[in-house]
Each structure stands twice: as structure tokens, then as C-alpha cells.
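Encoded as C-alpha cells, the structure appears first; notes follow it.
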Amino acid sequence: MRTRRTLMAVTAGLAASTLLLTACSSGDDNPSSDGSGAAGGDASEVEVFTWWASGSEKLGLDALVKVFGEQHPDTEFINGAVAGGAGSAAKDLLQTRLQANDPPDTFQAHAGAELQDYIDAGQLEDVSALYKEFGLTDAFPKDLVDRLTVDGKIYSVPSNIHRANVMWASPAVLEGAGLDPAAKYDTLDDWFVALDKVKASGKTALSVATTWTQVNLLETVLIADLGADGYSGLWDGSTDWNGSDVTKALTDFEKLMSYTNTDRDGLDWPDATQQIIDGQAGFNVMGDWAEAAFEEAGKKAPADYTYQPVPGTDGIFDFLADSFTLPVGAKHPGGTKAWLETISSAEGQTAFNKAKGSIPARNDAKPEDFSEYQQTAIASFGKDTIVSSLAHGAAAPVATLNAISDATSKFTTGASDLAQYQKDLAAAAAGK
Ligand code: BGC
């Protein structure tokens, strides 16, 4: 019988693992493939499907492509990126292509429940032989490999680990509102006081963008109000979506949304981050790909921007990992193999993650190679309680996330009230 692993199960226990990145000698970072397709297939090119289409995300992809070109000069990289943060447009298009038996040679997918969808649909090949060939079983922490294993098979190779529960702030805006930019906010209630002050100063208190960024905000509020266990219980059925603690979290979410920019639905995440960079908004909640956007803009923490866990979530790491696949029917499996080798190599993971704001999945990366923010993420990942991100495919299947996103959009555009929102979320989580 096929075991269904939820994103939560995939990540449970990671905190206790040896995922702490330590400076130690590199494992297998000396790729052997020359693009000749030892996997038994065409290695002349590789179409790589991602949503890293522009800005800092494109710079991350470019860094990876540079290493790929050095390691596999005979394999042509074809950029299949589709714009739209969090895969908001890419995932639908990908589904259309998979169903038409026209898969890209490899595609970006989130480890966890989202990946399980593709596995259950029979759309992915087992790549566990490549783990042996490239030495990945040792290069990645054992707990991670165990949790990526479904019935003895592994269907993707992770390129990075992102944190979704980060609150970013503009020191200039906070000072202008009479706030100490170095202040830490332990609870949502502490944060509301500061948000009121920024609002009174005439700036946007909290910048946000289109629906998926609102869902990203929602998940962090659920974590803050329910705690790690209560939040994780939303995905295994042990927390009641109709409970009063969820009502409290949704009330807090509604309040947070009242501080946000009204043009939000026409924006994507880089626009909301830009409002912090430009000193138009005080706070923003976003995954740590935002770190790459601050760096791209030449900004330095803590002078130009600050970061801390979303209030109420300190000690919890809201996890997601991008990973790459070998789709059934890929036209250039040798090219896919070459790509998977580069993204999993020490050199590929270091170059990519430095540019992307994330941290490497490999356990031989050197923390000192990374930014100050990333070093805090590396430390947190090693000691925090790990929970799975909803907005980024770790916690729930794509259909559930889509239904939660629809319910959230209905609520934040005023088409439903809080009681209806809670009912809609409960129905979405129950698959009704
Ligand atoms: C991906 C990140 C990406 C972010 C914004 C997330 O779902 O995992 O790699 O930067 O979306 O597009």
C-alpha cells in the first residue's frame, strides 16, 4: 500500500536532526557527468521549468545556470520560467503540460504535500539511483533523505530551504513613527501597538500583495496563535478548523489586513518588499527570498532594513524547500540528470543559495559563505521547531491550498465575513 506522507510528516523531526550546517570538508562536489546522458537519455539540452522569472529570483537562477554551464558545457540550458510569485501562474500551466504528456525536462516543486500530488498522479520518476551516484545520501541530512523517501523511492532533489515566517521592516519608517527600529515584538498584540503608530504617521503600516502573499501572512498568524503543534494539527486533522482558537487567529488576521495597502491585489511580492525598500511601508511579512531582493537593491541590515521572526513565532521555522524532478516522459533525461547533479553539488548549492536568500539543503555548506540574515536562518533551522508552509506547498495538497486561497481572497475582498471565512477554510481543509 502506498504511504501518503504529508508535508508535516516530511519535515517532522527535522529540528532534532543534524541539519545544522557546519563547516566541514565537502562531500561529492566534483560532478562526473559530462552531459553524455549516463541516465540513458538525450543530454543535448534541458528545459528547466521554474517561476524564477525576474528580479532577485532570476539572479538566483542565473547563478545556478553559471555553475551548470561550467559543469555541463555540452548540455544547453533552456529557460522555461513562468512569471508569478509562489508559482501562482506556473503550477496551472505545468499541470496542463503534464496532462498533455508534454512535460519539461525538470520542474520546480515544493517538497512535501505538493510533491506528493505529482507522485500520486504517477507524473514523476524515481531518482533514488542518482542519490547513490552523486553521493547525496551522505550530503543531505539523513532525516531529510528519510523524509523524502516514499516506499523506498525518492522523487526529487532539493536545491534549498526557505523560511516563510519572517517580518521585515523599514528602520526609517519606524523611526519616523517614533518607534525603536531595533525593538523585538514577542506577540501579535505588541506588534499591533507598533502598527497603530506607523499608521498614525501616515505610512502604510503593513505592506502585502496578491492573494498568495495574504495566505503567507495568514499561515504565520495561525502559527503565532495556535503554536507549532496546533498549527501542524490543522494538516493532520488533530486541530479543529472550527475551534475558537482558529476564530481568534482569523480575527487577528482580519486586523492585520486592516493595516495593509489597498492596492494589494494588483501587486506581487517584490512590489510589497519594494515598499519597505522605498520607505513607503513600515512592515512586511514574506519568506526569505525577500532577503535576496534587499541585497539586489544594495541594502544592508540593520541600517536599511531589519528582520525578525513574525511576532509570536520565534523558535518556530516555517519551512519549505524547492526541489527538482525528473518527469515521466521527459524528452532529455540525460539533461535532467546533469541539472540534478549541478543543483545538488556543493558548488551549485552555495552559488544558488547565496543569491536566493535561502540556505543549502546540503550539510557541508559553510555558514560564513552566507549573509548575516542567512546565518541566522541556518542557526534557527538547526534548533527551532520545524513546521510546514501552507502557501508554499509543504503542508497541504495543491487542491487544498487553492481552496484556502479562494476563501482568503473572498474574505479579504469583502465577499465573505469572518464566520463564513472560517467555514470556508474548514471545508477547504476537509476537501469539501
Ligand atoms: C518558492 C521560492 C520563491 C517564492 C516566491 C516560493 O514558493 O519556493 O523559491 O522565491 O515562492 O516566488
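Ordered from longest to shortest, the equivalent ellipsoid semi-axes for the stretch 224-314 are 30, 16, 11 Å, each the square root of 5 times a Cα gyration tensor eigenvalue. Amide H contacts for Ile154 (H built 1.01 Å from N in the peptide plane; partners 5 or more residues away or on another chain; cut-off under 5 Å): Val127, Ser128.
Using only Cα atoms, locate the centre of the stretch 234-309 and the centre of the stretch 132-163, then give the distance between them in Å, rounded to an integer. About 30 Å separates the Cα centre of the stretch 234-309 from the one of the stretch 132-163.
Pairs to check: Lys58/Lys153; Lys199/Lys255; Lys199/Lys410; Lys184/Lys410; Lys300/Lys356; Lys66/Lys91. Give those whose C-alpha atoms are more than 23 Å from each other in this structure. Please list the in-between numbers first.
Numbers: Lys58/Lys153 31 Å; Lys199/Lys255 13 Å; Lys199/Lys410 25 Å; Lys184/Lys410 33 Å; Lys300/Lys356 16 Å; Lys66/Lys91 25 Å.
In this structure, Lys58/Lys153; Lys199/Lys410; Lys184/Lys410; Lys66/Lys91 exceed 23 Å between Cα atoms.
Highest mean first, what order results for 375-385, 41-51 on Cβ atoms within 10 Å?
Details: 375-385: 19.1, 41-51: 21.6.
Highest to lowest by the protection proxy: 41-51, 375-385.
Taken along its three principal axes, the alpha carbon spread of the stretch 233-372 comes to 51, 43, 33 Å, from the longest extent down to the shortest.
Stretched out straight at 0.36 nm per residue, the stretch from Ser238 to Lys432 would grow longer than its current Cα-Cα span by 68.1 nm.
Remark: the Asp120-Gln95 segment gains 7.6 nm on full extension, using 0.36 nm per residue and subtracting the alpha carbon distance. Seen from every direction in turn and averaged, the convex hull around the alpha carbons of the stretch 114-155 projects onto 2.9 nm². Shape summary of the stretch 246-287, radius of gyration then Dmax from alpha carbon positions: 11.6, 35 Å.
Give me the Å³ per residue figure for the convex hull around the C-alpha atoms of the chain. Intermediate results must be reported in sequence, preceding the final value.
Values: hull volume 54.5 nm³, N = 432.
Enclosed volume per residue, from the Cα hull, is 126 Å³.
Each Lys and Arg Cβ is given +1 and each Asp and Glu Cβ -1; about its Cα centre, the stretch 108-223 then shows a dipole of about 420 debye. Projected onto their three principal axes, the Cα atoms of the stretch 301-432 cover extents of 50, 49, 27 Å, largest first.
A Gaussian network model of the chain, with springs between Cα atoms under 10 Å, assigns the largest mean-square fluctuation among Val215, Val198, Val150 to Val150. Taking every Cα-Cα distance in the stretch 175-263 and sorting them into 5 Å bins from zero, the calculated P(r) comes out as 3, 13, 21, 22, 18, 13, 6, 3, 1 percent. On the chain, 50 percent of the accessible area sits on carbon and sulfur atoms, based on a 1.4 Å probe. The magnitude of the dipole of the stretch 297-430, with charges of +1 and -1 set on the Cβ of Lys/Arg and Asp/Glu and taken from the Cα centre, is near 300 debye.
Amide hydrogen proximity for Tyr305: with H placed 1.01 Å from N in the peptide plane, the residues at 5 or more positions away or on another chain lying under 5 Å are Lys300. Working note: Cα atoms of the stretch 85-182, range along each principal axis, descending, whole Å: 57, 36, 20. For the stretch 388-432, taking the reciprocal of the average inverse distance between every pair of different Cα atoms yields a Kirkwood hydrodynamic radius of 10.5 Å.
Assuming R0 = 45 Å, what is the FRET efficiency of Lys142 and Lys255, from their Cβ-Cβ distance, to the nearest 0.05? Given R0 = 45 Å and the Cβ-Cβ separation, E is 0.60.
Positive-end ranking of Ala396, Leu144, Thr50 along the dipole of the chain, with charges on Cβ about the Cα centre, is headed by Ala396. Relative contact order of the stretch 41-147: 29 percent, from C-alpha pairs under 8 Å at least 6 residues apart in sequence. Near the amide H of Ser159, within less than 5 Å, lie the amide hydrogens of Asp322, Ser323, Phe324, all on another chain or at least 5 residues away, with H placed in the peptide plane.
The values are calculated or read from the model by the stated rules, or taken from the named source; none is laboratory data. Everything quoted here is computed from the prediction, not taken from an experiment. Cβ: placed from backbone, ideal geometry, glycine included. Neighbour counts: every protein chain shown. All accessible areas refer to the heavy atoms of the entire protein, side chains included, with ligands and DNA or RNA removed. Shrake-Rupley method; radii C 1.70, N 1.55, O 1.52, S 1.80 Å.
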